[in-house]
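The values are calculated or read from the model by the stated rules, or taken from the named source; none is laboratory data. These numbers were taken from a predicted model, which means no experiment stands behind them. All Cβ positions, glycine included, derive from the backbone under ideal geometry; neighbour counts span all protein chains shown. Note: areas computed on protein heavy atoms with side chains; ligands, DNA, RNA excluded. Shrake-Rupley method; radii C 1.70, N 1.55, O 1.52, S 1.80 Å.
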Amino acid sequence: MRFRRLVGLLILIGGIFFVSSSDFQPMMKQAVSTVDQHLTQIIQNFKTPRLADKYETDTKTKESSQDSSSSGQVKATPLESNVQGRTLKRTYYYRFASGTPDRVKQVFEQAVKAYNKTGIVKLIAGSGSQKQNQIVFSTYNSATKTQANVIELGVGGPEIIQQTGWDAYTANHARAKLNIHYAQAVSLSVAMHELGHAMGLDHSAERSSVMYPVDQGVTNLSRADLAGLKKIYQ
Ligand SMILES: [Zn+2]
């Protein structure tokens with residue numbers, strides 16, 4: 001009885017091994033990283049403040065009606081499409097591209113501290129391995145205007161690496177950059193915004209969010225921003 005059971009078990013194990021080993025080859029070949037990246041930008045609108053003001057009035061009305069209807073419930077800041085529905089590990093390793101000016105390093109370091117303070121994510125100086133979340137901070141120099149009177153202060157975004165097969169893992173190899181063509185780009189608010197993108201936050205219509213697409217000088221993560229981060233990291 002015992003023997004028969006053992007034989008049955010061995011056949012079962014053999015069967016599993018056969019099925020998985022026949023799957024193994026094509027799976028290994030398929031285990032190429034699927035890379036999905038999305039970079040978005042923060043801009044500054046110089047000559048059309050009225051438009052921005054009108055926008056503020058509109059969104060504020062919406063916000064207050066929402067707040068009163070759902071006590072304590074915050075509508076989370078939207079997420080970048082490639083992190084939606086994913087849970088990422090909360091630990092990131094960050095480093096600076098060579099030649100990054102000290103003043104840029106300083107604002108990014110400040111932004112890192114602010115995100116670490118939330119307790120939702122943990123950013124550690126260093127390179128990390130292929131399987132770990134990484135962020136590279138850097139600069140670029142571009143005078144190109146995205147629209148009339150609108151300048152681009154920075155770009156940032158997640159790049160999701162998804163490995164399938166026996167060695168499956170998901171990691172975010174993100175980037176955040178400041179456009180040093182403009183002095184005002186080297187600021188904590190822009191660094192907070194681009195780092196937010198790097199970790200998966202998308203633009204928000206709320207002016208209190210660091211993810212508002214036009215720089216407002218906001219350096220504190222809003223409750224909605226925190227709720228967005230929690231969706232990805234908890
Ligand atoms: Zn942006």
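Scanning the range 150-177 for residues that are within 12 Å of the ligand (Cβ to nearest atom), more than 9 Å from the chain's Cα centre (by Cα) and within 22 Å of LYS122 (Cα to Cα) yields a count of 3. For the range 195-208, a residue qualifies if it is open to solvent by 10 Å² or more (accessible area, probe 1.4 Å) and either more than 15 Å from the ligand (Cβ to nearest atom) or not in a loop (DSSP other than H, G, I, E, B) (or both), and exactly one does: SER208. Of MET192, MET211, all but one fail to be within 16 Å of the ligand (Cβ to nearest atom), under 26 Å from ARG86 (Cβ atoms) and in a helix (DSSP H, G or I); the exception is MET192.
Is it the case, given these coordinates, that GLY217 is away from the ligand (no atom under 12 Å from the Cβ) and open to solvent by less than 20 Å² (accessible area, probe 1.4 Å)? No: the conditions fail for GLY217.
Any idea which of SER142, SER129 is within 16 Å of the ligand (Cβ to nearest atom), of a type outside the set (D, E, K, R), farther than 14 Å from GLY196 by Cα and not in a strand (DSSP E or B)? Checking each option against the conditions leaves just SER142. Say whether the condition of being at pLDDT 95 or above and more than 18 Å from GLY200 (Cα to Cα) is met by at least one residue in the range 114-121. Checking the range 114-121: not a single residue is at pLDDT 95 or above and more than 18 Å from GLY200 (Cα to Cα). ARG103 - would you say it is under 30 Å from GLN44 (Cβ atoms), basic (Lys, Arg) and assigned to a strand (DSSP E or B)? So ARG103 does not fit the description; no.
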